Structures are given as structure tokens and as C-alpha cells.
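The values are calculated or read from the model by the stated rules, or taken from the named source; none is laboratory data. Please read these numbers as outputs of a predicted model, since none were measured by experiment. Note that we place each Cβ from the backbone using ideal geometry, even for glycine, and neighbour counts take in every protein chain shown. Just so you know, the surface numbers come from the protein's heavy atoms only, side chains and all, with ligands and any DNA or RNA stripped out. Shrake-Rupley method; radii C 1.70, N 1.55, O 1.52, S 1.80 Å.
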Amino acid sequence: MAVYTEVSPQEAQGLMDQLHLGSVTALQGIQGGIENTNYFVTTSQGTFVLTLFERLTQEQLPFYLHLTRHLASKGIPVPAPKQDSQGQLLFTLKGKPAAVVDKLEGSSQLAPQVPHCAQLGQALARMHMAGQDFEMSQPNLRGLAWWNETVPVVLGYIPATLQTLLQVELAHQNAVASSSAYAQLPCGPVHADLFRDNAMFVGERLSGVFDFYFAGVDTWLFDLSVVINDWCIDLATGQLDEARLAALLESYQSVRPLTQHERALLPDMLRAAALRFWISRLWDFYLPREASMLLPHDPTHFERVLKARIAKPVQLR
Ligand SMILES: Nc1ncnc2c1ncn2[C@@H]1O[C@H](COP(=O)(O)OP(=O)(O)O)[C@@H](O)[C@H]1O
Ligand SMILES: N[C@@H](CCOP(=O)(O)O)C(=O)O
């Protein structure tokens, strides 16, 4: 990430006191992630993750925080936010909305293999099923409406050939989204950003999934496509890795088989998922925010992924 907002040990202690989480012994800004300010806070009771939300508002945040509590209550491995004695999950620190969650065990598997993809596929399907009875609703704030708003903003920064690709793909996705097959895709709360760096493994065991701050109600197929485009590709070329893709799809479908419409629209949703992150990376790259630690993501990666998904649409067996 990024540390957009600096927090002192005394300021962190104030929040830990409200949550009865002990005395702060160490506070470390986390480098990794891009949206929010994150710190590891070690106290006499353990290590926690403190997040200050840099873009999301007090009105938007209850959806994410209650969603993770809901999923955790159903046995999905996610770090549920800590609550105070009044049951409050959302606090204010340095004038920003803030929350504290448990630190997951393990580390991210940045070069996932078949067993990691198999576990993730199953966890994703279980997460989709577990979210079905979650009562709050909020759209995917990085969905089609945002793409339509943001493409004109980034267009002027990129060369003409890429402008054409971006505009043609956006038009294609607007057409897909108004089709009758799309209207029949199953929807629910989805993570929408479940990349390799948003899951933890202890050895080959998935210990948890985190960073739900792009979650929203969208199609399950979009969520699955985001995952495939990150976990099942060769990062250098953007090409799909057949063995990892087969493992992820098989394990996902062992919990929830894809519908006929989902099978038909998977190639388009893989393109949609690539477009979504190409747009956000262009936006972050050309219109960056001030931060004391920030590693911007490379937009050309998702340009390659999109081109690869267009050139060779996935064939389901
Ligand atoms: N609950 C957690 N347990 C362990 N590590 C975490 C947890 N939440 C965040 N992290 C660490 O912080 C990094 C940045 O978090 P992330 O949520 O991806 O940031 P951002 O919200 O800015 O995208 C992660 O890559 C991970 O190393
Ligand atoms: N996964 C997105 C960026 C979102 O940042 P994250 O650190 O919250 O995952 C990308 O790779 O562009």
C-alpha cells in the first residue's frame, strides 16, 4: 500500500483502549495494498490490522464491515472487524473512518500452484453461497457505472491505439450488461478484488481472505473472473494457465456448478474483469494520490490481460 495518513502509537492506543485490545507495543505501517492506510498494531493481546479508510465514507463502510462479520459467522475464513462494548465496528482516527481486524496467519502465495487455486475456488464458491442471506446491499462501486465515468477521465493520458481499445471494450461491456443472458446471471455480495495478495496461506492451507473494501453486490461470475484473471495466469504474458484454471473451476463447481448463462458469458466476464482493473490502474497511475509509502500498480499488465482474453476466449469443456 500506502500510508496516506500517519498514525502515532498514542493515537493507535486510543482506539485499542476503546476496543479493550491491550497496550500497544509496536506499530508498523504496511507497504502493500493501494487503497487505504494500514498498520500492524501489536499489543499485549496479539497483532491486529488497523485500517484508515482513505476513500470510502462512513455511509459506505458498514456494508463491508458487516459483510465480513456475516461471512465469518458462517465459517468463511475472513478477519471479522473488532467491536466495542456497544457493538460498534467503525471508528474515527485522524479524522478518517477506521476499523481493526485480526491479523491472519501465514503469507500470500504470490506464485500460486494447482493446490492453492483449488482451495481458493472452493472458498470463493462457499463465500458466494454464504453471502446469499446477507441483508445489506450496496452496488459494486467499481462496476460498470464507474467504468463509464472514469474512461473519459483517463483517455487523454494514453496513446490513440489504446484509446480505441478502451472505448471499444467499454462499448462491448455496456452491450453485454444490457443482454438478457446477463440479466439472468446469479448475483450477491462479492469480494470483487480477490487477488493473490488478498489471501493468506499457511503452507498450502488457505488461512483466510481479506480486504473486502471493493466488495459489492454484483454477479458471482464477475467475481470468479477477477479471481481467474489473477490466480490462473502467467503474469508475464497474461495468458491463462490451463492446469490452474481447470483446478479453480472444478473446485468452485464442486460447491456451486455454473449455470448455462454463466458458462456462456464467462469469456465476456473475463474481459470485463480485465477492463475493470485496467481502468483503475490507469486512474491510479495518471491521477495519483499523495502518500508517504505508495507502490503504484502497472496498468500495462491489465492491458495485456485484456488483449489475451479477447484474442483467445476461454473454452469450457
Ligand atoms: N487481516 C490481515 N491479516 C494479515 N495481513 C493483512 C491483513 N489485512 C491486511 N494485511 C496486510 O496488509 C497489506 C495491505 O492490505 P490491503 O487490504 O491489501 O490494503 P489496501 O486496503 O490498501 O488495498 C496486505 O497485502 C497484507 O500484507
Ligand atoms: N487488486 C487491485 C488493486 C487494489 O488494491 P489492493 O491492494 O486493495 O488489492 C490491482 O491489482 O489493481
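Go through 208-219, 15-26, 182-193 and give me the packing order, highest mean Cβ count within 10 Å leading.
My ranking of the peptides, most packed first, is 208-219, 182-193, 15-26.
As a test question: what accessible area, to the nearest 10 Å², does K103 have when a 1.4 Å probe is rolled over all protein chains in place?
Result for K103: roughly 90 Å² accessible.
Along the charge dipole of the stretch 114-311, pointing to its positive end and built from +1/-1 on Cβ of Lys, Arg, Asp and Glu, which listed residue (L275, C187, L240) has its Cα farthest out?
The residue sitting farthest along the positive end of the dipole is L240.
Starting from the Cα-Cα distance between A243 and A183, subtract it from 0.36 nm times their residue separation and give me the gain in nm to one decimal.
Extra length from A243 to A183 when fully extended: 18.5 nm.
In the stretch 231-317, which chymotrypsin sites (Phe, Trp or Tyr not before Pro) are in a loop and have at most 15 other Cβ atoms within 10 Å, using DSSP for the loop call?
Hits after loop and neighbour filter: nothing returned.
When N counts the residues of the stretch 88-234, how does its alpha-carbon radius of gyration compare numerically with 2.2 N^0.38 Å, as a ratio?
It is 1.21.
Under 5 Å between amide H atoms, partner at least 5 residues away or on a different chain: which partners does V190 have, H built in plane at 1.01 Å?
Under 5 Å from the amide H of V190: G216, V217, D218.
In square angstrom, what is the accessible area per residue of the chain with a 1.4 angstrom probe?
42 Å²
Report the local net charge at F302: Lys and Arg +1, Asp and Glu -1, summed over other residues whose C-beta lies under 12 Å from its C-beta.
Net of charged neighbours comes to +1.
In Å and from the alpha-carbon atoms only, list the Rg and Dmax of the chain.
19.5, 57
Rounded to the nearest 500, what is the 222 nm mean residue ellipticity of the chain from helices alone, with -39500 (n - 2.57) per DSSP H run of 4+ residues and division by all residues?
-14000 deg cm²/dmol
How large is the dipole of the chain about the Cα centre if only Lys and Arg carry +1 and Asp and Glu carry -1, each at its Cβ, rounded to the nearest 20 debye?
Charge dipole, the chain, about its Cα centre: 480 debye, nearest 20.
Give a quick list of GluC sites (Glu not before Pro) in the stretch 1-98 that DSSP marks as loop, anything other than H, G, I, E or B, with at most 13 other Cβ atoms within 10 Å.
E6, E59
If each of D17 and T300 carries a label point 7 Å out from its Cα toward its Cβ, how far apart are those two points in nm?
Output for this residue pair reads 5.1 nm.
Can you pull out the trypsin sites (Lys or Arg not before Pro) in the stretch 223-310 that DSSP calls coil and that have at most 13 other Cβ atoms within 10 Å?
Passing both the DSSP loop test and the Cβ count: R289.
Given a Förster distance of 22 angstrom, what is the FRET efficiency for L155 paired with R289, based on the Cβ-Cβ distance and rounded to 0.05?
Calculated transfer efficiency: 0.65.
Between helix 299-311 and the chain, what is the angle of the helix's C-alpha long axis to the longest principal axis, kept within 0 to 90° and rounded to the nearest 10?
30 degrees
How far apart, in nm, are two points set 7 Å out from the Cα along the Cα-to-Cβ line at V168 and at A311?
Calculated label separation equals 1.4 nm.
To the nearest whole percent, what portion of all C-alpha pairs in the stretch 1-93 is separated by more than 16 angstrom?
58 percent
Determine the share of the stretch 99-205's accessible area contributed by carbon and sulfur atoms, expressed in whole percent, with a 1.4 angstrom probe.
56 percent
What Rg and what Dmax come out for the stretch 148-189 when only alpha-carbon atoms are used, in angstroms?
Computed over the Cα atoms of the stretch 148-189, radius of gyration and Dmax are 13.4, 37 Å.
So for the pair S207, S44, with labels modelled 7 Å out along Cα→Cβ, what separation do we get in nm?
2.5 nm
Given S85, T57, A118, which one lies farthest toward the positive end of the charge dipole of the chain, if we put +1 on the Cβ of every Lys and Arg and -1 on the Cβ of every Asp and Glu?
Farthest towards the positive pole: A118.
Taking θ as phi - 60°, what are the ³J(HN,Hα) couplings along the stretch 58-66 by the Karplus curve (6.51, -1.76, 1.60), each to the nearest whole Hz, with x for Gly and Pro?
So the Karplus estimates, Gly and Pro as x, are 4, 6, 7, 5, x, 4, 5, 5, 6 Hz.
To make sure I understand the rule: partners must be lysines, Cα under 30 Å from the Cα of K82, and not fewer than 8 residues away in the same chain. Which ones qualify?
Of all the lysines, those that pass the test against K82 - Cα under 30 Å, at least 8 places apart if same chain - are K74, K94, K96, K103.
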